[in-house]
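Novice: Quick one: this structure, given as structure tokens, is what I'll be asking you about.
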Amino acid sequence: METGMIIGAGFMGAGIAQVCIQSGYRVILTDTKKEMLEKAKADMAVSLEKLHQKGGIKESAEPVLDRLEIAQSIEAGFKSKRKISWVIEAVYEDEDLKKTILADVEQQIEDETLMATNTSSIPVSRLASALKHPERFVGLHFFGPVPLMELVEVVKGEMTSEKAFQQGMGFVKKLGKYPVGVTKDIPGFVMNRIFAAAFRECQELVGKGVATPEDIDAGMRLGYGWHIGPFRIADNAGLDTVLRIKKSMEASGEIHLYSNAGIIEEKVENGHLGRKSGKGFYSY
Ligand SMILES: NC(=O)c1ccc[n+]([C@@H]2O[C@H](COP(=O)([O-])OP(=O)(O)OC[C@H]3O[C@@H](n4cnc5c(N)ncnc54)[C@H](O)[C@@H]3O)[C@@H](O)[C@H]2O)c1
């Protein structure tokens with residue numbers, strides 16, 4: 001059974017871990033916060049049981065969860081002595097933090113281990129500059145909630161080898177997801193640029209008092225066939241994460257994709273982070 005390591009047990013890391021153990025991989029999930037690891041495991045147990053009862057997976061929650069190990073540091077994760085075939089980094093959208101972690105991980109893995117990042121917006125090539133072997137590093141941009149969303153962008157950095165890119169594409173297919181190849185490594189890749197452009201105008205319209213978030217969401221669902229509206233998507237993603245992505249895109253010079261209406265900033269300042277905190281544009 002192949003083992004992988006996922007770093008960061010938040011909304012995305014926990015979701016990626018779940019689909020990996022569902023697909024038969026063994027996963028070592030690491031986070032510096034014990035409560036995040038415990039929450040991830042508890043949420044997975046509930047989600048897996050529901051999926052099993054609905055016929056979405058054959059196995060019950062218990063044997064699937066047996067394939068998950070949690071560790072409160074990367075070092076502790078590597079102590080499991082299992083051969084790690086791949087590592088996916090899913091910590092905060094912070095370039096320096098990600099680079100530090102990736103450089104640290106690289107020193108502890110074998111030559112053939114595939115390295116990946118779940119960054120939403122930072123070019124893979126920029127993160128790869130922290131690595132001695134950038135050729136085995138690829139972007140695997142999952143969409144959240146990961147157990148429900150079929151799309152994964154597979155991003156080829158300037159130095160990513162064709163082999164690593166194809167490994168990433170194959171890995172995504174093994175998880176039962178649809179890989180969209182992104183072969184030019186630009187900030188925000190494809191889908192987040194498109195979403196950001198639409199969401200920018202949504203925030204401007206709310207900021208100018210033209211319409212409410214609820215009505216814009218209803219409009220995008222009923223008028224354009226979006227499954228859920230953009231403000232609901234932002235709430236699900238976490239408004240703190242949305243803000244970090246905005247800052248990262250601004251630092252990359254992509255200011256045209258982001259609104260300065262201040263709506264997200266205000267929510268985050270008040271501790272309204274979306275679904276994760278019980279309140280954002282909606283209450284949960
Ligand atoms: N939220 C989304 O919808 C979404 C979608 C696609 C990609 N992403 C990207 O995925 C990444 C994670 O986003 P998220 O929404 O899961 O964020 P999150 O805030 O839910 O989780 C981040 C986790 O990283 C952990 N962490 C921080 N420093 C760490 C360290 N040194 N070692 C181990 N763990 C550490 C935190 O404790 C936290 O649990 C970001 O790069 C984000 O841009 C997010």
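The values are calculated or read from the model by the stated rules, or taken from the named source; none is laboratory data. All figures in this text were calculated on a predicted structure; none of them were measured in a lab. Heads up, the Cβs are rebuilt from the backbone with ideal geometry, glycines too, and the neighbour counts pull from every protein chain shown.
Novice: What tally of residues in the stretch 41-99 results from selecting those that are within 15 Å of the ligand (Cβ to nearest atom) and of a type in the set (S, T, N, Q)?
Specialist: Counting residues in the stretch 41-99 that are within 15 Å of the ligand (Cβ to nearest atom) and of a type in the set (S, T, N, Q) gives 2.
Novice: Further, regarding this structure: Quick one: which residue in ASN270, ASN260 is more than 30 Å from GLY24 (Cβ to Cβ), more than 13 Å from the ligand (Cβ to nearest atom) and in contact with a strand residue (DSSP E or B) (Cβ under 9 Å, 6 or more places away or on another chain)? Walk me through it before giving the result.
Specialist: Numbers: ASN260 fails: in contact with a strand residue (DSSP E or B) (Cβ under 9 Å, 6 or more places away or on another chain).
It is ASN270.
Novice: Outside the structural domain of LEU148 (by TED's automatic domain parsing), surrounded by 15 or more Cβ atoms within 10 Å (Cβ to Cβ) and more than 16 Å from the ligand (Cβ to nearest atom): is that true of ARG200 in this structure?
Specialist: On the way: outside the structural domain of LEU148 (by TED's automatic domain parsing): yes; surrounded by 15 or more Cβ atoms within 10 Å (Cβ to Cβ): yes; more than 16 Å from the ligand (Cβ to nearest atom): yes.
Answer is yes for this residue.
Novice: If I ask for residues that are under 18 Å from MET12 (Cβ atoms), out of contact with any strand residue (DSSP E or B) (no Cβ under 9 Å at 6 or more places or on another chain) and β-branched (Val, Ile, Thr), which ones from the stretch 193-251 would you list?
Specialist: Scanning the stretch 193-251 gives ILE228, ILE233, ILE245.
Novice: What are the pairs with Cβ atoms under 7 angstrom where one residue, in the stretch 38-55, is in the same structural domain as GLN22 (by TED's automatic domain parsing) and the other, located anywhere, is part of a helix (DSSP H, G or I) and among the small types (Gly, Ala, Ser)? Sequence gap at least six, or different chains.
Specialist: ALA40/ALA14; ALA40/ALA17; ASP43/ALA14; MET44/ALA14; ALA45/ALA61; LEU48/ALA61; GLU49/ALA61; HIS52/ALA61
Novice: Which one is farthest from the ligand (Cβ to nearest atom) among residues in the stretch 7-23 that are farther than 15 Å from LYS177 by Cβ and touching a strand residue (DSSP E or B) at 6+ places or on another chain (Cβ under 9 Å)? Explain how you work it out, then say what you get.
Specialist: Initially, the stretch 7-23 is screened for residues farther than 15 Å from LYS177 by Cβ, giving 7-11, 13-14.
Adding the requirement that they be touching a strand residue (DSSP E or B) at 6+ places or on another chain (Cβ under 9 Å) leaves 7-9, 13-14.
Details: ILE7: 5, GLY8: 3, ALA9: 5, GLY13: 6, ALA14: 7 Å.
If we take residues in the stretch 7-23 being farther than 15 Å from LYS177 by Cβ and touching a strand residue (DSSP E or B) at 6+ places or on another chain (Cβ under 9 Å), then ALA14 is farthest from the ligand (Cβ to nearest atom).
Novice: Being touching a Gly at 6+ places or on another chain (Cβ under 8 Å) and either crowded, with 20+ Cβ neighbours inside 10 Å or assigned to a helix (DSSP H, G or I) (or both) narrows it down to one residue among GLY219, GLY223; which is it? Don't jump to the end; show me each part of the working.
Specialist: Working: GLY223 fails: touching a Gly at 6+ places or on another chain (Cβ under 8 Å).
Among GLY219, GLY223, only GLY219 is touching a Gly at 6+ places or on another chain (Cβ under 8 Å) and either crowded, with 20+ Cβ neighbours inside 10 Å or assigned to a helix (DSSP H, G or I) (or both).
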